[in-house]
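Only one structure is covered here, and it is reproduced in the block below.
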Amino acid sequence: MASKPDLLILGQITIDHVVPATPEPWKEQVGGNALYAAAGARLWLDPARIGLVFRRGHDFPIDVEAVLARAGIRHVRRLDVDLPHLTEWIVYETNGFRRCLPKNEPLRHIGSEGEGADIETYLDYLLRFTPEAADLPAEWLPAKAVHLAPQVRDRHPRSLAFLAGRAEFLSVDPSPFLAKMHDARGLANALKGADAILPSELESGHLAKDGWFEAADALRSAGFAEVAIKRGADSVVLAAARERVSNIPVTPVDVLDPTGAGDSFGGAYAACRMLGYAPPDAVRRAIVSAGMVVGSRGAEAALALDPAEAARRLATSA
């Protein structure tokens with residue numbers, strides 16, 4: 001194993017109680033954007049080069065370190081939180097729509113994605129389980145690349161400020177809570193220091209009144225060197241350096257579980273940029289990662305996906 005990891009991932013782990021759209025029993029499984037980002041990255045990068053930090057409540061029922069070790073990821077730092085871990089119902093509908101509902105007793109009355117009068121209670125609770133860059137082991141820094149999975153409140157700005165001069169490449173997948181508060185320039189100011197921003201259509205739709213190309217170009221003009229807007233099964237809109245904004249097509253796949261598509265895209269993109277791939281080539285590999293993840297069920301299955309299959313899919317999509 002390498003003495004220290006090259007790609008660092010910051011994000012949450014969760015306990016997901018998944019309710020499928022088709023009639024079958026719900027099931028408890030480990031999830032969270034950190035694990036899905038790592039799953040996407042390891043399809044292109046030796047897992048021994050990946051480092052992951054997470055926070056865990058005292059009642060977490062699954063051995064996350066063992067799950068990661070089976071995936072070859074052994075650079076792991078766990079921070080324990082003396083609270084019940086955030087648990088969510090993930091309810092799917094037949095049209096692919098997903099609704100997340102907190103299951104913890106103090107949060108049960110809060111609506112989908114934390115909406116409702118007590119959103120601050122939800123965000124306060126979520127923040128306790130959200131790692132920041134200051135949680136990284138000092139010996140892991142400086143790093144070749146850091147990917148920040150969606151995080152609430154001030155976690156992204158705090159982490160980016162901490163990582164200034166401590167990482168060669170920084171990518172951010174912004175949360176809807178942060179992205180929807182800002183126009184392109186405001187988002188660039190809030191995420192100062194990020195090299196790449198990887199929003200979904202949910203997080204960037206308010207910028208796309210004149211079109212998706214215009215939204216990507218506005219984010220690039222505001223200060224992000226690289227912008228990749230994820231639009232589900234539609235093409236990824238890429239704006240990078242001085243190149244023209246472009247569409248990169250998404251290969252159709254059979255979807256078993258849409259959870260983790262965007263997170264796996266982000267982890268793969270950061271890994272591939274760190275490896276020296278140009279932004280369009282990194283996007284193509286990230287699309288493959290996302291397609292493979294949604295063709296599996298749960299984070300454990302995503303972390304067991306075969307890199308050889310990823311390479312095969314990339315070759316056939318060219």
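The values are calculated or read from the model by the stated rules, or taken from the named source; none is laboratory data. All values derive from a computational prediction rather than experimental measurement. Don't worry about glycine lacking a Cβ; one is built from the backbone with ideal geometry, like all the others, and counts go over all protein chains shown.
Screening the candidates 308, 301 for the property of being assigned to a helix (DSSP H, G or I) and either aromatic (Phe, Trp, Tyr) or under 25 Å from residue 65 (Cβ atoms) (or both) yields one hit, 301.
Look at the range 213-229: where a residue is touching a residue at least 40 places away in the same chain (Cβ under 8 Å) and in a strand (DSSP E or B) and a partner is surrounded by 23 or more Cβ atoms within 10 Å (Cβ to Cβ) and among the aromatic types (Phe, Trp, Tyr), sitting 6+ places away or on another chain with Cβ atoms under 7 Å, you get 228/269.
For the range 308-318, which positions are at pLDDT 95 or above, touching a helix residue (DSSP H, G or I) at 6+ places or on another chain (Cβ under 9 Å) and loosely packed, with under 15 Cβ neighbours inside 10 Å? Steps first, please.
Initial filter on the range 308-318 (at pLDDT 95 or above): 308-315.
Remaining after also requiring touching a helix residue (DSSP H, G or I) at 6+ places or on another chain (Cβ under 9 Å): 309-311, 313-314.
The answer is 309, 311.
Quick check, is residue 78 surrounded by fewer than 22 Cβ atoms within 10 Å (Cβ to Cβ) and either part of a strand (DSSP E or B) or free of Cβ contacts under 8 Å to residues at least 40 places away in the same chain (or both)?
Working: surrounded by fewer than 22 Cβ atoms within 10 Å (Cβ to Cβ): yes; either part of a strand (DSSP E or B) or free of Cβ contacts under 8 Å to residues at least 40 places away in the same chain (or both): yes.
Yes, satisfied.
The residues of the range 183-212 that are more than 21 Å from residue 8 (Cβ to Cβ), within 20 Å of the chain's Cα centre (by Cα) and either touching a residue at least 60 places away in the same chain (Cβ under 8 Å) or assigned to a loop (DSSP other than H, G, I, E, B) (or both) amount to a single one, 200. Scan the range 273-294 and tell me whether some residue there is farther than 28 Å from residue 13 by Cα, part of a helix (DSSP H, G or I) and charged (D, E, K, R). Checking the range 273-294: at least one residue is farther than 28 Å from residue 13 by Cα, part of a helix (DSSP H, G or I) and charged (D, E, K, R).
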